[in-house]
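Visitor: Could you have a look at this structure, given as C-alpha cells, before my questions?
The values are calculated or read from the model by the stated rules, or taken from the named source; none is laboratory data. If you're wondering where the values come from, they're calculated on a predicted model, not measured in any experiment. Ideal geometry is used to build each Cβ from the backbone, glycine not excepted, and the neighbour counts take in all protein chains shown. All accessible areas refer to the heavy atoms of the entire protein, side chains included, with ligands and DNA or RNA removed. Shrake-Rupley method; radii C 1.70, N 1.55, O 1.52, S 1.80 Å.
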Amino acid sequence: MTLPRGRTGATPGAVPAQAPGSQAADALAGMDDRGLVARVCEGDGHALEALYGRYGRACFSLARRILVDEQFAQDCVQEVFLVLWRDASRYDPSKGSFSSWLIAMTHHKAVDAVRREETVRKRRAAPDALDGAESDAPSVDDAAWSTLRQERVREALKTLPAPQREALTLAYFGGYTQREIAGLTDTPLGTVKTRMLAGMQRMKAGLDGLSRASTVSDVPGAFLNGEPA
Amino acid sequence: MTAHDRYLELVYGHALSSLEPEDEQALVAHLPACAECSRALVEARETAGQLAYAVDTAELPPGLFASIRESVLAESPDAFELTPAAPVERQAVAKVVSIESARRRRLETRASKIVAVAASVSVAAIVGLGAWNVSLQRDSSKQGHYSQAIGAALAVMKAETGQTVALKAADGSVTAVAVMHTNGSMDLVTDGLAPNAKNSRYVLWGQSGIEPAVPLGDFDVDQARVDTVPAVASSSIASERPQRLLISKESGTAGKTPLPGENVAPTGPIYAQGETT
C-alpha cells in the first residue's frame, strides 16, 4: 500500500516521536531503542524515562483497551516499566524489536490481570469495536506516523474475513483463550486455532514492511513532505 | 494438517496470549528444538505487536511516570542523578543462592552470598520463548495461577517428584513456588519478588497449626525475575512437614538473619504464603 503524499512531517531517520519528559530524558530522544535499553541496564533512570516517553502511550492505550478500568491500566503500565527497570537485560534483540517486546509484555500483563480479576471482566472486544473509532486524544506532538500506523493496522484488520477478525480481536483485545473463543462463537476449538493462524498470517502480509519500521522513512513506498523517502 | 502445523498454530496462539495451559506447555517444550517455529514466533510477535496500535490512543495519566519514578528511586536512589553523558557501571548479575552452602559457610566464616548460575541458565534454556515472555498457566492443583516461567523452571527441577506449593502475595498473584521433595529437601522458584537491599534477606518459614513459624532457609533476590533457590531447606531443619510456608524479608546480612531452626518469629513483612495441604 502506498502511503498518501504529504501526510507526514517526520524528518528522515527520526526516531518515533515521544511525549516530552525531563530535560535529561529529552537529551536521549535521538538514541535508538537498543541504546536506551543498554543505558537502563546500566542504571540510568533518564533512559527509562525516554523509553516511557516513546512507548508509554502505546502501552497505556493497549492496557486500557483490554482492562477498561483506567486505574488497572495504570497499574499494568507501571508494572511493565518497573520490570523493564529491574531487568532490562531480559530483552533479547535476536527475538524481535524492543517495541514488540514491550508491547507483548504489556499485553501479557493486561490479559493476566483480566483473567485474574473476575470483577474486571467487562471485556469486551466486539469484533467491530475498532471500526471507525476516533482517537480520544489527538496530540499535536503525536507523530503523523502513529496515526498512519493506526490506519494501516485497522485497514489490515478490516480485510480479514469476519471469522478470522473475530478470533483475533477476541483473543488480543478481549483476553479470551482459544477454548473460550470456541465457546463464545460456538465453533470447534480446532477451527478457532486455524482461524487465528490464517488471520495472523494475513495480517503479517498486509502489514509487510510496517512491523520493523521505526520511522516513516523505513516504510516501503513512504513519502515525506510530498517527496519519496 | 501435519504434526508440525499444529505447533505453528500454537505459535500464533501464543503471540495472541490465548493458548490453554497444556498448549502453552507443549509449545515451550517444542521450541528449543525447532528453529522454524522459533523464527515463526519472532514474526508472530511482531505482527501481534502491531495490533496494539489499532486501539484508540489514550492520553497518558499525568502522574503515571511520577509513580514509576518513585518506585525506581526506592530501589535505586541515584537512578536519576546521572546525566545522559555519564553512564553508570552497574553489575546486573543473576544470582542464585544455595542455602545449604550459605548455611555451612555462615557457620564457619559468616561470609556473604554464593553465586550459582547453573539453575538460572537452565531456566533460561527451558523457557524457549525467551525468559521475558510470561503468560499464565493454571496450576493443576488449582492452587492458583503461576507464570509460565515458573512452570518451566519447575520442569527443570523435576517438580513432579515432589509436592509443589504456590506462595501467593496479598493480591493473589503467585510469586514463588516451593517444591517439597519426598526426601525432605525443598527447592524454591521465585518470580517477581523485589530485589532486597544489602542489609536484608528473604527468609522462608514453615508453620504448623498454631505453632510459631520456624525459619527454614534464607535467600537473596537480585533481580525481579524467575530465580531458583535449590535446597532452600532440608528435612534436618523441620521435624515435620509444615502446613504453611511463608516468605518474609528480614533485616540483617547473611548470617545475621534468622538461622534455619532458630527459635525466632518473622519480624519483617510477609511477601507471600501458601498452604502445603
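Visitor: Report ³J(HN,Hα) in whole Hz for each residue of segment A:180-186, in order, from the Karplus equation J = 6.51 cos²θ - 1.76 cosθ + 1.60 where θ = phi - 60°; Gly and Pro get x.
Guide: Along segment A:180-186, the couplings run 5, 5, 4, x, 5, 9, 6 Hz.
Visitor: Which links in A:Lys95/B:Lys168; B:Lys198/B:Lys249; A:Lys95/B:Lys198; A:Lys109/B:Lys168; B:Lys168/B:Lys198; A:Lys109/B:Lys249 stretch past 22 Å when you go from one Cα to the other?
Guide: Long pairs (Cα-Cα over 22 Å): A:Lys95/B:Lys168; A:Lys95/B:Lys198; B:Lys168/B:Lys198; A:Lys109/B:Lys249.
Visitor: Need one number: buried accessible surface between chains A and B, 1.4 Å probe, both sides summed, DNA, RNA and ligands left out, in Å² to 100. Don't jump to the answer; show the numbers that get you there.
Guide: Details: alone 12700 and 15470 Å², together 21050 Å².
Chains A and B together bury approximately 7100 Å².
Visitor: Distance in nm between label sites at A:Glu70 and A:Asp26, each 7 Å beyond Cα in the beta-carbon direction?
Guide: Result: 2.6 nm between the two label points.
Visitor: For segment A:46-97 and segment B:31-69, what is the separation of their Cα centres, given in Å?
Guide: First find each Cα centre; the distance between them is then 9 Å.
Visitor: Could I ask something else about it? Whole-Hz Karplus ³J(HN,Hα) for segment B:187-192, in order, using 6.51 cos²θ - 1.76 cosθ + 1.60 and θ = phi - 60°, x for Gly and Pro?
Guide: 10, 9, 10, 10, 8, x
Visitor: Also, I was wondering about something else. Express the carbon and sulfur contribution to the solvent-accessible surface of segment A:28-89 as a percent, rounded to the nearest whole number, probe 1.4 angstrom.
Guide: Roughly 47 percent, rounded to a whole number.
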